Amino acid sequence: LILALHAATGGRFGSARNLKLVLDQALIVGTVATGASFIYSTGNVNISMGSATALVATIAAYAYLATESVAIMFAVALIAGVSILVISALLSAWLNLRVIYVTVVMMTLLQSIQKSLLGSATLQMPYEMTSALKNAYVPYIIFIAFFIFCTILFHFTALGRKLRYIGINNQCAELTGFSKNKHLIIAFAISGIGVALGAVMTIIRAGSIGTDTCSTLNMDCM
């Protein structure tokens, strides 16, 4: 496929600049999808990943514009990302509803909140900040660190084994003593970290936040 696109575009697809653009976008998808894999491993599907990332990016962008602090931007993104995802898990547990039904509602709700925050405006981030973080390879560092963290957690800890066990046989896992709701909340919290990091990477890459930000991210992750 890469060779076909390279030939069809007269070699432009395979240019270093274009491949870097593809990689930069793939880093965002990879980060959010890595976190989402903890939810998928339980046998559930969250279809609000894109709208959650867009809303968190909006909140984090406002935080930076108000404080001009990259540290605060990261902190606000993490708090917002984990909180939004955990709320979805809690609603599923409290209302005894399947995750997919809750996240359908959350997807619409989060999109509406983001649109109400932005209105018709587009948030423009300072070029000095975004370019400095790009030049320091911050998105690459974020992805590699988060991927290693999640790989260890998923494959080499009791938590990862329990999450996979719940996804393989939910009833057997509960009879064994694993709390489905507790582990679902943990899975959503880890996924929320991925959403937060993906939101920050979106700010760095795009340099602006609008109502169409992350519009295809959910399906890209799936």
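The values are calculated or read from the model by the stated rules, or taken from the named source; none is laboratory data. It should be emphasised that the depicted structure is a prediction, and the values quoted were computed from it without experimental measurement. No Cβ is skipped: glycine too gets one built from the backbone with ideal geometry, and neighbour counts run over all protein chains shown. Heavy atoms of the whole protein, side chains included, go into the accessibility calculation; ligands, DNA and RNA do not. Shrake-Rupley method; radii C 1.70, N 1.55, O 1.52, S 1.80 Å.
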In the range 117-143, residue nearest to ASP24 (Cα to Cα) [restricted to those that are open to solvent by 90 Å² or more (accessible area, probe 1.4 Å) and either assigned to a helix (DSSP H, G or I) or in contact with a Lys or Arg (Cβ under 7 Å, 6 or more places away or on another chain) (or both)]: LYS134
Which numbered condition trips up ALA93, out of (1) touching a residue at least 40 places away in the same chain (Cβ under 8 Å); (2) over 17 Å from the mean Cα position of the chain (by Cα); (3) under 26 Å from PHE149 (Cα atoms)? (3)
Answer yes or no as to whether ARG205 is in contact (Cβ under 8 Å) with a residue 40 or more places away in the chain and closer than 16 Å to ILE39 by Cα. no
All but one of (1) open to solvent by 60 Å² or more (accessible area, probe 1.4 Å); (2) touching a helix residue (DSSP H, G or I) at 6+ places or on another chain (Cβ under 9 Å); (3) touching a residue at least 12 places away in the same chain (Cβ under 8 Å) hold for TYR101; state the number of the condition that does not hold. (3)
Restricted to the range 34-70, and to residues that are assigned to a loop (DSSP other than H, G, I, E, B) and under 21 Å from LEU133 (Cα atoms), which residue is least open to solvent (accessible area, probe 1.4 Å)? SER69
Candidate set from the range 154-205 (those that are within 20 Å of the chain's Cα centre (by Cα) and of a type in the set (S, T, N, Q)); member that is nearest to TRP94 (Cα to Cα): SER191
Taking the range 105-116 on its own, how many of its residues are open to solvent by 60 Å² or more (accessible area, probe 1.4 Å) and either more than 24 Å from THR202 (Cα to Cα) or within 19 Å of the chain's Cα centre (by Cα) (or both)? 7
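How many residues are hydroxyl-bearing (Ser, Thr, Tyr) and within 13 Å of GLY50 (Cβ to Cβ) if we restrict to the range 103-129? Steps first, please.
Of all residues in the range 103-129, those hydroxyl-bearing (Ser, Thr, Tyr) come to 103, 108, 112, 116, 120, 122, 127.
Checking which are within 13 Å of GLY50 (Cβ to Cβ) leaves us with 103, 108.
Of the residues in the range 103-129, 2 are hydroxyl-bearing (Ser, Thr, Tyr) and within 13 Å of GLY50 (Cβ to Cβ).
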